[in-house]
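Working notes, structure below.
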């Protein structure tokens, strides 16, 4: 973990808003979306205001890396087991959170250190004055599968020329099966996918005790697991709820 100086975390919220409308108004640009429904947990890519996931042929013949040309649009159901009840959509600048309350409408909040990013969503909420920021990372379950040019259809990736993104990488793990996630480049050998977050530390006014008051999701990125362990980041059995 890495600590940084004091900052202010801004936020703005809106009630009685649908998820598509919250996405449109927040206008985050390119981002990663974690979407929870009663039926499944989906990792999607947001670009141009549209949510996308890999198409049926994206990982043909066991390929572990796919481009965005084979994506399909992800429809957002408003009812039934496919309806999203919680969403967290994020990039390096901001995180949009949405929680369903009923009839396809819910509460949306956007968090950012920039008030200009928060303003379009709705009314400003009380700012969080953080005395310290802590960079944190969580290891996602699963190892990236090989790409077509690595000589096999399963197992860790080999070294070689890297494809740049945005790309989809397929992770495999016996406990969870397959998980497709969007990243900025193809994995190198022995790399894993991590979720980067920022923790905001504040103090309570009566006794001055410091505590983590908020954690903002930032990005998915690739790195060797040894580097993360050396930096003191959590291990796989301590994944945040959003990645389980």
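The values are calculated or read from the model by the stated rules, or taken from the named source; none is laboratory data. This structure is a prediction, so every number in the text was calculated from the model and none was measured. Here Cβ is always computed from backbone atoms with ideal geometry, including for glycine, and neighbour counts include all displayed protein chains.
Listing for the model above:
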{"read-out": "All positions within segment 1-44 that are surrounded by fewer than 16 Cβ atoms within 10 Å (Cβ to Cβ) and assigned to a loop (DSSP other than H, G, I, E, B)", "value": "1, 5, 6, 27, 29, 30, 38, 39, 40"}
{"read-out": "Residue 61 vs. criteria more than 17 Å from residue 121 (Cα to Cα) and either touching a helix residue (DSSP H, G or I) at 6+ places or on another chain (Cβ under 7 Å) or at pLDDT below 95 (or both)", "value": "yes"}
{"read-out": "Count of residues meeting criterion [more than 16 Å from the chain's Cα centre (by Cα) and outside any loop (DSSP other than H, G, I, E, B)] in segment 185-213", "value": "8"}
{"read-out": "Filter pass, residue 151 being within 22 Å of residue 32 (Cα to Cα), at pLDDT below 95 and surrounded by fewer than 13 Cβ atoms within 10 Å (Cβ to Cβ)", "value": "no"}
{"read-out": "Residue 74 modelled with pLDDT of 95 or more, within 16 Å of residue 182 (Cβ to Cβ) and touching a helix residue (DSSP H, G or I) at 6+ places or on another chain (Cβ under 8 Å)", "value": "no"}
{"read-out": "Flag if residue 94 is in contact (Cβ under 8 Å) with a residue 40 or more places away in the chain and under 30 Å from residue 189 (Cβ atoms)", "value": "no"}
{"read-out": "For residue 82: the one exception among (1) within 21 Å of residue 18 (Cα to Cα); (2) part of a loop (DSSP other than H, G, I, E, B); (3) in contact with a helix residue (DSSP H, G or I) (Cβ under 8 Å, 6 or more places away or on another chain)", "value": "(3)"}
{"read-out": "Lone qualifier among 52, 47 - being over 17 Å from residue 102 (Cα atoms), free of Cβ contacts under 8 Å to residues at least 24 places away in the same chain and surrounded by 13 or more Cβ atoms within 10 Å (Cβ to Cβ)", "value": "52"}
{"read-out": "From 146, 185, residue being at negative phi and modelled with pLDDT under 90", "value": "146"}
{"read-out": "Test set (1) over 14 Å from residue 181 (Cα atoms); (2) touching a residue at least 40 places away in the same chain (Cβ under 8 Å); (3) in contact with a strand residue (DSSP E or B) (Cβ under 6 Å, 6 or more places away or on another chain) - residue 99 fails condition number", "value": "(2)"}
{"read-out": "Residue list for segment 45-75, filter: part of a loop (DSSP other than H, G, I, E, B) and on the phi < 0 side of the Ramachandran plot", "value": "55, 56, 57, 58, 59, 63, 64, 74, 75"}
